[in-house]
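Working notes for the structure below.
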Amino acid sequence: QVRLVESGGGSVQAGGSLRLSCVASGYRYSRPNIGWFRQSPGKEREGVANIYLGDASDGGITYCAESVKGRFTVSQDNAENTIYLQMSNLKPEDTGVYYCAQGRYYARPCQRDDYTYWGKGTQVTVSS
């Protein structure tokens, strides 16, 4: 019954912006961590950002890599039960399939093995 559905991917030129959405339902835990991950061919899936739905203030948000800090923003829309990843000043190295995922109880932000349920992903392509 856990469902995670991503949308909003596409193709943009370097310097452009995209906003990804993750519609989450059927939470296994009442206050889950929802993470954004990405993967490009030949590379392991890596954490991008995480939001703890029990506290979406600054203390509940983690950015997983220095390369996305200041460019990416993760947030939630309580009314629509949706988690967003706003991406600005995109670079070619941001290209990949982006996934949202639900963590297990007390999942460690950005740690792939701590996330149990995954969406199918949405493709982001950034051209130079």
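Sticking with the crude label model, points 7 Å out along Cα→Cβ, report the distance from SER128 to LYS69 in nm, one decimal please.
In this crude label model, SER128 to LYS69 measures out at 2.7 nm.
Hey, could you get me the Stokes-Einstein D for the chain, Kirkwood radius over alpha-carbon pairs, 20 °C and 1.002 mPa s, rounded to whole µm² s⁻¹? Provide the component values of the computation, followed by the final result.
Values: Rh = 14.4 Å.
Estimated diffusion coefficient is 149 µm²/s.
If Lys and Arg each add +1 and Asp and Glu each add -1, what is the summed charge of the other residues whose beta carbon sits under 12 Å from the beta carbon of TYR99?
In short, +2.
Most mobile of SER75, SER30, SER88 per a Gaussian network model of the chain (Cα springs, under 10 Å)?
Of SER75, SER30, SER88, the Gaussian network model singles out SER30 as fluctuating most.
Give me the accessible area per residue for the chain, probe 1.4 Å, as a whole number in Å².
Accessible area per residue: 54 Å².
The values are calculated or read from the model by the stated rules, or taken from the named source; none is laboratory data. The shown structure was predicted, so the numbers you read here are calculated from the model rather than taken from an experiment. Here Cβ is always computed from backbone atoms with ideal geometry, including for glycine, and neighbour counts include all displayed protein chains. With ligands, DNA and RNA removed, areas are computed over all heavy atoms of the protein, side chains included. Shrake-Rupley method; radii C 1.70, N 1.55, O 1.52, S 1.80 Å.
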